[in-house]
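Student: There's a structure below that I have some questions on.
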Amino acid sequence: MRKVVHRASRVRVTLEVLRRRGEGVWVSIPELWAEVSREVPLSEWEQEQISSKARTRGENDWRWATTDLVEAGWLRRGPSGVGKWAITSVGIQALDEYPGDELFGEAQRRYATIRAQRREEIESQLSTAWLPHDSNQRKVLAAQEIVVDQGLRAGESLFSPGRPIWTNTNVLSLRDLWKGAEKEEGKGFTGSLTVQIADATDDQKLLMAEILATQMLPIAGIGHAKKTERINTVLDLMEHRVEIPRVFDETFAVGAYGPGRSLVISVNLAVMLILEMLCAWTDLDQQAQERLLSESKQWRGFIYCISGTNFPTQRNSLRAGCVSRAPGSVTRNAGIS
């Protein structure tokens, strides 16, 4: 099935619908989506459901694309988290100023500028807090942005963009599989891994590889060979194998902080904690997810409320994993994961 996404045209129609309602007039998201999807029908690829909330690829993509409109100042989201949107005066001006797909292109450009400014602020804070201001840090941050944007936000594979594997269904199935899997005594984590996920689907195996990549991403001192060996062990079990992207491969050679013994030897517990986090994450609606990604205190509360083992070092690592999205979330005793 060919990937066909009508993102730009759908974003434009969204603002046009809201303009017809009037500046500052709140429209519920379901009502707005119904009208937008009538005017810009879903392609075959966009019709596939990817979440437990019976949301299609097209709707999920549309919801996240509106983030660019919010950052550009063209769209307002309802007060107190209410699921309603309204167009602003500058949004109305933008419709007239940027014809066709240029509208979405301009929104993306503005959002990219804002993100770059935030990244500079974060790197400046990190350079005086706990990480050196060097290329290693920048590589970790670049890889972490992929985790946040493709994995957490879009629900897509980090290694195979467009493939929906960070979904509630896939996460739950892998979590249940991992819970029931027994370690092979004397084989170590990597040796046991081949047995523990032998019956997993390709999507489950790919998700496991990406969870391992996320867990090891910021850790210095393990070494590139050990990190890639662990991930390739999983990828080699796939019927249709994928490769580790260059941005991750390069980051595995550096890392950003010394993890302490527990993060290195308690990988089974770390994987379970990340799976529990993803179960909780994929069970949230999109607005709740955005609030967590934009507020460091809320993200911290979310991480520390995840069920399962306490494992403070892994929780701290996950907590700092939102640093590229939440200014002010710098911490002195955790890495980026």
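The values are calculated or read from the model by the stated rules, or taken from the named source; none is laboratory data. Everything numeric in this text was worked out from a predicted model, so none of it was measured. Glycine gets a Cβ as well: all are built from the backbone with ideal geometry, and neighbour counts include every protein chain shown. The protein model used for the area step is the full one, side chains on, heavy atoms only, and it has no ligands, DNA or RNA in it. Shrake-Rupley method; radii C 1.70, N 1.55, O 1.52, S 1.80 Å.
Student: For Ala326, are the conditions met, namely being modelled with pLDDT under 80, touching a helix residue (DSSP H, G or I) at 6+ places or on another chain (Cβ under 7 Å) and within 16 Å of Thr214 (Cβ to Cβ)? Give the derivation first.
Tutor: Details: modelled with pLDDT under 80: yes; touching a helix residue (DSSP H, G or I) at 6+ places or on another chain (Cβ under 7 Å): yes; within 16 Å of Thr214 (Cβ to Cβ): no.
It is false that Ala326 is modelled with pLDDT under 80, touching a helix residue (DSSP H, G or I) at 6+ places or on another chain (Cβ under 7 Å) and within 16 Å of Thr214 (Cβ to Cβ).
Student: So which residues in segment 21-37 are at pLDDT 90 or above and part of a loop (DSSP other than H, G, I, E, B), if there are any at all?
Tutor: Gly22, Glu23, Val25, Trp26
Student: What number of residues within segment 216-225 satisfy the criterion of being open to solvent by 30 Å² or more (accessible area, probe 1.4 Å) and either modelled with pLDDT of 85 or more or farther than 30 Å from Lys139 by Cα (or both)?
Tutor: Within segment 216-225, residues that are open to solvent by 30 Å² or more (accessible area, probe 1.4 Å) and either modelled with pLDDT of 85 or more or farther than 30 Å from Lys139 by Cα (or both) number 2.
Student: When residues of segment 297-318 are filtered for being touching an Asp or Glu at 6+ places or on another chain (Cβ under 6 Å) and either surrounded by 15 or more Cβ atoms within 10 Å (Cβ to Cβ) or not polar (S, T, N, Q) (or both), how many remain? I'd like the intermediate steps shown before the answer.
Tutor: At the first step, the residues of segment 297-318 found to be touching an Asp or Glu at 6+ places or on another chain (Cβ under 6 Å) are 306-308.
Remaining after also requiring either surrounded by 15 or more Cβ atoms within 10 Å (Cβ to Cβ) or not polar (S, T, N, Q) (or both): 306, 308.
Going through segment 297-318 one residue at a time, the tally reaches 2.
Student: Can you give me the number of residues within segment 74-112 that are part of a helix (DSSP H, G or I) and either within 13 Å of Glu16 (Cα to Cα) or at pLDDT 85 or above (or both)?
Tutor: At the first step, the residues of segment 74-112 found to be part of a helix (DSSP H, G or I) are 79-81, 89-97, 102-112.
The next check asks that each one be either within 13 Å of Glu16 (Cα to Cα) or at pLDDT 85 or above (or both); those that pass are 89-97, 102-110.
Summing the residues that are part of a helix (DSSP H, G or I) and either within 13 Å of Glu16 (Cα to Cα) or at pLDDT 85 or above (or both) in segment 74-112 gives 18.
Student: How many residues, within segment 16-30, are surrounded by fewer than 13 Cβ atoms within 10 Å (Cβ to Cβ) and not basic (Lys, Arg)? Break it down into steps so the answer makes sense when it comes.
Tutor: First, pick out the residues of segment 16-30 that are surrounded by fewer than 13 Cβ atoms within 10 Å (Cβ to Cβ): 20, 22, 24, 30.
Still in the list and also not basic (Lys, Arg): 22, 24, 30.
Number satisfying all stated conditions: 3.
Student: Tell me whether segment 46-55 contains one or more residues that are closer than 26 Å to Asp283 by Cα and assigned to a helix (DSSP H, G or I).
Tutor: Looking through segment 46-55, at least one residue is closer than 26 Å to Asp283 by Cα and assigned to a helix (DSSP H, G or I).
Student: Next up: Considering only residues of segment 38-57 that are at pLDDT 90 or above and within 20 Å of Leu75 (Cβ to Cβ), which is surrounded by the fewest Cβ atoms within 10 Å (Cβ to Cβ)?
Tutor: Across segment 38-57, the extreme among qualifying residues is Arg38.
Student: Here's something else I'd like to know. Would you call Arg163 surrounded by fewer than 19 Cβ atoms within 10 Å (Cβ to Cβ), within 17 Å of the chain's Cα centre (by Cα) and among the charged types (D, E, K, R)?
Tutor: Working: surrounded by fewer than 19 Cβ atoms within 10 Å (Cβ to Cβ): yes; within 17 Å of the chain's Cα centre (by Cα): yes; among the charged types (D, E, K, R): yes.
Criteria met by Arg163.
Student: Then there's this: Considering only residues of segment 176-215 that are closer than 26 Å to Asn316 by Cα, of a type in the set (D, E, K, R) and modelled with pLDDT under 95, which is surrounded by the fewest Cβ atoms within 10 Å (Cβ to Cβ)?
Tutor: It comes out as Lys179.
Student: What about Ile222, is it in a loop (DSSP other than H, G, I, E, B) and closer than 24 Å to Ile146 by Cα?
Tutor: Spelling it out, Ile222 is indeed in a loop (DSSP other than H, G, I, E, B) and closer than 24 Å to Ile146 by Cα.
Student: Specify which of the listed residues (Arg115, Arg119) is modelled with pLDDT of 70 or more, of a type in the set (D, E, K, R) and under 21 Å from the mean Cα position of the chain (by Cα).
Tutor: Values: Arg119 fails: modelled with pLDDT of 70 or more.
Unique residue meeting the criteria: Arg115.
Student: Let me ask something else. Taking Gly151 as the residue in question, decide whether it is in contact with a Phe, Trp or Tyr (Cβ under 6 Å, 6 or more places away or on another chain), part of a loop (DSSP other than H, G, I, E, B) and at pLDDT 90 or above.
Tutor: Details: in contact with a Phe, Trp or Tyr (Cβ under 6 Å, 6 or more places away or on another chain): yes; part of a loop (DSSP other than H, G, I, E, B): no; at pLDDT 90 or above: yes.
Spelling it out, it is not the case that Gly151 is in contact with a Phe, Trp or Tyr (Cβ under 6 Å, 6 or more places away or on another chain), part of a loop (DSSP other than H, G, I, E, B) and at pLDDT 90 or above.
Student: Looking only at segment 266-287, decide whether some residue is modelled with pLDDT under 80 and over 14 Å from Thr214 (Cα atoms). Outline the logic, then answer.
Tutor: Step one: of segment 266-287, the residues modelled with pLDDT under 80 are 266.
Filter again for over 14 Å from Thr214 (Cα atoms), leaving 266.
So far as segment 266-287 goes, yes, one or more of its residues are modelled with pLDDT under 80 and over 14 Å from Thr214 (Cα atoms).
Student: Another one. Residues that are at pLDDT 85 or above, within 14 Å of Val148 (Cα to Cα) and in a helix (DSSP H, G or I): does segment 297-314 have at least one?
Tutor: Looking for residues that are at pLDDT 85 or above, within 14 Å of Val148 (Cα to Cα) and in a helix (DSSP H, G or I), one finds at least one in segment 297-314, hence yes.
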